[in-house]
Amino acid sequence: MAPEIKYNKIFIDNQWVDAVNGKTFETFNPHDGATIATVAEGDKEDINAAVQSAKRAFHRNSEWRLMDASQRGKLLNKFADLVDRDLDYLSELETYNNGMVLTTCRAFVGAAAHHIRYNASLADKIQGNTVPCDGDVFSYTLKQPVGVCGLILPWNVPVLMFISKVTTALAAGCTMVVKPAEQTPLSALALAALLAEAGVPPGVVNVVPGFGETAGAALTHHPDVALISFTGSLEVGKLIQQAAGTNNLKRVVLELGGKSPLVIMDDADLNKAVPYAAQAVFRHQGQVCIAASRLFVQAGIYDKFVQKAVEIAKSWKLGNPVLETSQNGPQIDETMMNKVLGYIEKGKSEGAKLLTGGKRVGTTGFYIEPAVFADVKDDMTIAKEEIFGPVQSILKFETLEEAIDRANATNYGLAAGIFTSSIESALQFSKHVEAGIIWVNTYFQLGAQLPFGGFKESGIGREGGLDAVNSYLEVKSVTISLPKKV
Ligand code: ADP
């Protein structure tokens with residue numbers, strides 16, 4: 001049964017309001033394209049109202065600013081308890097709005113609750129230093145929240161992205177305006193209600209659903225916003241960096257796509273490597289920025305590996321994402337489905353060998369069979385551009401040095417993996433590959449404690465771990481003159 005849609009308005013000052021211009025938009029279930037809710041469509045004026053609310057909540061005499069840091073941690077822990085309480089509902093909402101299979105949604109929502117508790121524990125551990133300056137002075141540093149943050153979310157893992165960005169900013173003491181992706185506005189609204197229930201004061205977290213070119217752009221151009229944290233495409237990331245320097249100078253945290261290499265050495269355990277490689281690119285229909293979309297397999301095991309990879313892809317179960325038997329659900333929408341199908345056509349026309357899958361399934365919903373391409377060359381489009389779909393591209397290599405150089409021959413640098421039984425190969429790979437996340441004999445292993453982000457055009461800054469909270473903090477140096485003698 002479809003989950004009840006409890007919230008479909010804009011959330012400002014802990015109140016539910018309509019858009020100033022009264023506009024709404026529809027949101028869909030990608031399983032069958034059916035409308036599941038009509039949602040208020042925020043625009044420039046709504047963003048401005050939300051930013052003003054966040055600005056008031058950041059005032060030096062506000063309840064939020066005067067709150068003990070440990071109390072902020074307590075509120076976050078309460079929020080985590082509420083997310084655990086509503087785990088079933090939030091997971092179902094995510095599945096209906098996003099198409100991620102329910103079992104994976106449950107794992108993500110569970111991980112999100114863990115992420116909140118990690119950030120809750122940081123709230124009262126944000127500390128400066130005493131500094132041994134020359135002269136008769138006493139110097140120390142304070143770490144203080146940057147101010148009003150604009151958090152722009154992607155549609156691929158909406159609950160986890162909301163929680164990762166919002167609770168890091170809350171731990172730092174910031175206030176914020178969240179703009180969820182237009183495809184998936186519902187979970188952000190449900191989470192906003194839980195923040196209010198946990199006791200987060202009005203104005204601290206505001207949520208404005210709407211479109212990127214209108215609501216999103218208004219947020220990135222707003223002069224009262226101090227920081228933008230964005231997860232999404234490289235193309236929009238570049239627009240955001242420009243906008244951030246237009247009406248004021250915003251800090252930016254950008255988590256943009258990837259074309260992540262996964263290298264399988266001759267000495268790897270194939271029983272482990274083949275299924276991991278499939279998960280690494282097919283999971284969630286390939287709609288993850290860390291998908292292993294360039295699979296480099298060493299020449300000695302290439303043919304054997306390809307044969308096993310095809311067997312796995314053929315056995316992959318597509319179906320309604322609410323069913324436990326489904327390994328993959330639909331792509332997020334028709335536009336993305338057609339984009340992925342276009343890449344598959346391009347792969348074929350440029351000479352890669354499509355060994356299985358790659359076709360649309362049915363005519364309702366946006367399902368694509370997992371595709372395996374062999375004989376892929378570095379200069380083919382499918383080996384260069386981010387596809388965001390279930391497309392495994394297998395490339396052949398001879399030596400580790402060659403694999404490292406080819407892995408690095410991309411503008412992206414988000415994640416990379418290697419399967420090998422040689423510690424030396426693993427260490428060389430980890431040292432020389434230009435990526436923010438490296439996995440050895442595993443993939444997709446993430447944790448709230450670990451920094452997440454990329455080198456090169458995969459982004460700026462990190463989410464997760466201690467590095468993330470530092471992005472939301474200013475450092476202030478204080479120097480006090482001391483008398484020469486006591
Ligand atoms: P995708 O191409 O995967 O849909 P996008 O990068 O377009 O990803 O979108 C990610 C997020 O960025 C969404 O919340 C979207 O509304 C927002 N967005 C898109 N364009 C802009 C823009 N020009 N300014 C600010 N936000 C934008």
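The values are calculated or read from the model by the stated rules, or taken from the named source; none is laboratory data. Because the structure is a prediction, the values reported are computed rather than measured. Cβ sites come from the backbone with ideal geometry, for glycine too, and all protein chains shown count toward neighbours. Note: areas computed on protein heavy atoms with side chains; ligands, DNA, RNA excluded. Shrake-Rupley method; radii C 1.70, N 1.55, O 1.52, S 1.80 Å.
Using r as the Cβ-Cβ distance of LYS353 and LYS272, and R0 as 30 Å, what FRET efficiency do you calculate, to the nearest 0.05? List each step's numbers first, then the result.
Details: r = 25 Å, r/R0 = 0.84.
About 0.75, to the nearest 0.05.
Could you work out how much longer the chain between THR38 and LEU323 gets when fully extended? Use 0.36 nm per residue separation minus the Cα distance between them, nm to one decimal.
Extra length from THR38 to LEU323 when fully extended: 100.1 nm.
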Pseudo-spin-label distance LYS431 to VAL20, built 7 Å along Cα→Cβ, given in nm, is 5.7
For region 10-256, the charge dipole (Cβ of Lys, Arg +1; Cβ of Asp, Glu -1; about the Cα centre) points to a positive end, and the Cα of LEU142, ALA193, VAL204 closest to that extreme belongs to LEU142
At R0 = 60 Å the Cβ-Cβ FRET efficiency linking GLN241 and ASP88, nearest 0.05, sits at 0.95
So, with points 7 Å from each Cα along the Cβ direction, the ASP81-LYS6 label distance in nm works out to 1.6
Rounded to the nearest 10 Å², the 1.4 Å probe accessible area of TYR443 is 10
With label points set 7 Å from each Cα along the Cα-to-Cβ direction at GLN127 and ASN248, the distance between them in nm comes to 3.1
Taking a ≥ b ≥ c as the square roots of the Cα gyration tensor eigenvalues, with a/c under 1.5 meaning rounded and otherwise prolate when a/b beats b/c or oblate if not, the chain comes out oblate
Computed from the beta carbon distance with a Förster radius of 35 Å, FRET efficiency for GLU402 and GLU334 to the nearest 0.05 stands at 0.30
With every protein chain in place, the accessible area of ILE5 for a 1.4 Å probe, in Å² rounded to the nearest 10, comes to 60
Accessible-area order for LEU341, LEU466, LEU90, largest to smallest, probe 1.4 angstrom, reads LEU466, LEU341, LEU90
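Under unit Cβ charges (Lys, Arg +1; Asp, Glu -1), what dipole magnitude, rounded to 20 debye, does the chain have relative to its Cα centre? It would help to have the intermediate numbers written out before the result.
On the way: 45 positive and 52 negative charges, 176 e Å.
I would put it at about 840 debye.
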Rounded to the nearest 10, the angle in degrees between the Cα long axis of helix 87-98 and the longest principal axis of the Cα atoms of the chain comes to 60
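Report the gain in length on full extension from SER421 to PHE138: 0.36 nm times residue separation, minus Cα-Cα distance, nm rounded to one decimal. Don't jump to the answer; show the numbers that get you there.
Values: separation 283, 0.36 × 283 = 101.88 nm, distance 5.40 nm.
Residue separation times 0.36 nm, minus the Cα-Cα distance, leaves 96.5 nm.
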Of 213-219, 175-181, ordering from highest average Cβ density within 10 Å down gives 175-181, 213-219
